[in-house]
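First comes the structure, then the notes that go with it.
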Amino acid sequence: SPTLIIAVDGYSSCGKSTTAKQVAARLGYAYIDTGAMYRAVTLFFLRNGVELDDADGIRRALDSISISFRFDPVTGRNETYLNGDPVEGEIRMLYVANAVSKVSALPQVRQSMVTLQHQMGKKRGIVMDGRDIGTHVFPDAELKVFMTADPLIRAERRQAELLAKGTIVGLNEILENIKKRDHDDTTRAVSPLRRAHDSILLDTSYRTVDEQIEWVIQAARERM
Ligand code: C5P
């Protein structure tokens, strides 16, 4: 059975990475979190004072950055490394999240990450999640999943997640943040979030995580 490239794109907080990781684990595939790559670049820029209007500085920074992953299919944990240092915890912090959309909109940054993503996918047998994987990075992927969910339901899930970590945030604040990210991701000039015409739509509003995973695995098996 051929090894596939599986592209998982969609809106923020739809359960993309949760689904993609478990599908990768079940199929014995590699998992590539492209959002983590943009977050890691953002962290490097912040740590090294790289200015977003300094094309030469950005070039030098991108040339000196190496990003890698270690995915444990048993625990489902994915560690991101920036120049050899584990940064998974740090890149999830709010100060990184707040800066990432400006960094990920830079054409130089996108070009450099897409080159890396092509290398990571060369051996196939990968599940890659992001915003532009099916439309831009791997337009020939055998399976393209586009994930969406009702914004209010996404906000409620995120609120419950935060609450489980001991953080109380109002539903409206979360909903506004989700709507802003949807807007930013779909309206940016370079590789905006779009549903690929040959993708299959996975609306997670009324599905459990296990149902989502089963649904994608089934679609993958049909393509093997
Ligand atoms: O998926 P995650 O929330 O970690 O992604 C962080 C940010 O990185 C997104 O809000 C988006 O701006 C950017 N991104 C992107 N292209 C991708 C993946 C993520 O522009 N393929």
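Throughout, read-outs are computed from the coordinates displayed, never taken from laboratory work. What you are looking at is a predicted structure, and each value in this text was computed from that prediction instead of being measured. As a convention, Cβ positions derive from the backbone with ideal geometry for all residues, glycine included, and neighbour counts pool all protein chains shown.
Residues of region 60-86 with the amide nitrogen closer than 14 Å to a label point 7 Å from the Cα of Thr115, along Cα-to-Cβ, please.
Those under the cut-off are 60-67.
With 10 angstrom as the radius, rank Met37, Met120 by how many other C-beta atoms surround their C-beta, starting from the fewest. Intermediate results must be reported in sequence, preceding the final value.
On the way: Met37 26, Met120 18.
Going from least to most buried by this count: Met120, Met37.
Hey, any idea what the orientation-averaged projected area of the convex hull of region 11-85's Cα atoms comes to, in nm²? List each step's numbers first, then the result.
Numbers: hull surface 24.1 nm².
If I average the Cα hull's projected area over directions, I get 6.0 nm².
Quick one: Lys165, Lys179, fewest Cβ neighbours within 10 Å first, how do they rank? Before the final figure, lay out each step's value.
Numbers: Lys165 6, Lys179 15.
Least crowded to most crowded, the residues run Lys165, Lys179.
In this model, which of Lys21/Lys122; Lys123/Lys144; Lys122/Lys144; Lys102/Lys165; Lys122/Lys179 are farther than 23 Å apart at the alpha-carbon? Kindly include the intermediate steps, with their values, before the conclusion.
On the way: Lys21/Lys122 19 Å; Lys123/Lys144 18 Å; Lys122/Lys144 17 Å; Lys102/Lys165 28 Å; Lys122/Lys179 35 Å.
Long pairs (Cα-Cα over 23 Å): Lys102/Lys165; Lys122/Lys179.
If each of Thr75 and Asp198 carries a label point 7 Å out from its Cα toward its Cβ, how far apart are those two points in nm?
Simple spin-label model gives 3.8 nm for this pair.
Could you list Thr186, Thr167, Thr42 so that the one with the fewest beta carbons within 10 Å of its beta carbon is first and the one with the most is last? Write down the numbers at each step before the final one.
Numbers: Thr186 13, Thr167 9, Thr42 23.
With the sparsest Cβ surroundings first, the list reads Thr167, Thr186, Thr42.
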